Amino acid sequence: MSCGNPHDTDCREVLDRVYEYLDGEMTEIDIDKIRQHLVECSPCLSEYDLDVALKALVRRSCACESAPEELRAKIMVRITQVRLELG
């Protein structure tokens, strides 16, 4: 996705990293870059708002249940693998 306007941070990068932003898993520099982009780019801000709503819905829907430990471990392994592949 691209809004067609030039930005210091590309729309694709913002949308690819939006969950890191939402979860507070970024450096302050990256947080500032994403925040600035969202101020400048209404299409990305709309996508961001959808992701915020989705996370809130999942949080409300899953609040009473915990994932089985085996599933949590598999997810953590996969997250680590993806980070290594991207890094």
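The values are calculated or read from the model by the stated rules, or taken from the named source; none is laboratory data. Please read all numbers here as calculations on a predicted model, not as lab measurements. FYI the Cβ positions are ideal-geometry reconstructions off the backbone, even for glycines, and counts take in every protein chain you see. All accessible areas refer to the heavy atoms of the entire protein, side chains included, with ligands and DNA or RNA removed. Shrake-Rupley method; radii C 1.70, N 1.55, O 1.52, S 1.80 Å.
Laid out as a table, the results:
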read-out	value
Amide hydrogen neighbours beyond the local backbone of residue 17, cut-off 5 Å, H modeled	none
Mean separation of Cα contacts under 8 Å, 6 or more apart, over the residue count of the chain: relative contact order %	25 percent
Accessible area per residue, Å², the chain with all protein chains present, probe 1.4 Å	76 Å²
Listed residues 54, 6, 67: farthest to the positive end of the dipole of the chain (Cβ charges)	67
With Cα atoms, 0 to 90° folded angle of helix 42-61 axis to the chain main axis	20 degrees
Folded to 0 to 90 degrees: helix 69-86 orientation relative to the chain principal axis, Cα	30 degrees
Using alpha-carbon coordinates, inclination of helix 28-40 to the longest axis of the chain, degrees	60 degrees
Carbon + sulfur, % of accessible area of the chain - ligands and nucleic acids excluded, 1.4 Å	55 percent
Label-point separation, residue 5 to residue 30 (7 Å along Cα→Cβ), nm	2.5 nm
Probe 1.4 Å, all protein chains present, accessible-area order of 86, 38, 22, largest first	86, 22, 38
GluC sites (Glu not before Pro) within the chain: DSSP coil, no more than 12 neighbouring Cβ in 10 Å	25, 65
Among [x] 17, 48, 29, 5; [y] 16, 31, 21, 15, 11, 6, 1; [z] 15, 38, 33, 13, 1, the entry derived from the coordinates for P(r) over Cα pairs in 10 Å bins from 0, in percent	[z]
